[in-house]
1. Which of the following residues is loosely packed, with under 15 Cβ neighbours inside 10 Å, modelled with pLDDT under 90 and aliphatic (A, V, I, L, M): Val37, Val27, Val20?
2. Within segment 58-77, which residues are within 26 Å of Asn12 (Cβ to Cβ) and either at pLDDT below 95 or out of contact with any helix residue (DSSP H, G or I) (no Cβ under 6 Å at 6 or more places or on another chain) (or both)?
3. Of the residues in segment 14-31, how many are within 26 Å of Asn2 (Cα to Cα) and of a type in the set (Asp, Glu)?
4. Starting from residues that are in contact with a strand residue (DSSP E or B) (Cβ under 9 Å, 6 or more places away or on another chain) and among the hydrophobic types (A, V, I, L, M, F, W, C), keep the ones in segment 45-61 and report whichever is surrounded by the fewest Cβ atoms within 10 Å (Cβ to Cβ).
5. Can you pull out the residues in segment 19-77 that are in a strand (DSSP E or B) and free of Cβ contacts under 8 Å to residues at least 40 places away in the same chain?
Amino acid sequence: MNEYIIYTPEGNTIAPNEDVEVENCQVLGIAKAKDKVEAKENLIKENPWIIEAGFSRSKFIVRQLLTDDELKDINIV
């Protein structure tokens, strides 16, 4: 099972001083799945607030994360 981080360019953040609105990406969560499509579905099943808040699946950016075993293998090479 792979792990994926899912984020979106939708939304914005308020700076600590609250006077500045910052345009950036919003991390929606991390999901375990066999592929990117399943990762999106699993994230939404586990976090229905994402769709309720108005985020669009079509704008999700999904990136696979390296597992600890994969990192160990890379370091060995």
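1. Working: Val37 fails: modelled with pLDDT under 90; Val27 fails: modelled with pLDDT under 90.
When all the criteria are applied, what remains is Val20.
2. The first filter runs over segment 58-77 and keeps only residues within 26 Å of Asn12 (Cβ to Cβ), leaving 58-63, 65.
Ser58, Lys59, Ile61, Arg63, Leu65, listed by residue number.
3. 0
4. Looking at residues that are in contact with a strand residue (DSSP E or B) (Cβ under 9 Å, 6 or more places away or on another chain) and among the hydrophobic types (A, V, I, L, M, F, W, C), I get Ile61.
5. First pass over segment 19-77, keeping only residues in a strand (DSSP E or B): 21-22, 26-33, 61-65.
Result: Glu21, Val22, Gln26, Val27, Leu28, Gly29, Ile30, Ala31, Lys32, Ala33.
The values are calculated or read from the model by the stated rules, or taken from the named source; none is laboratory data. As the structure is a computational prediction, the values presented were derived from the model and not from experiment. When we count neighbours, we look across all protein chains shown, and the Cβ atoms used for this are built from the backbone with ideal geometry, even at glycine.
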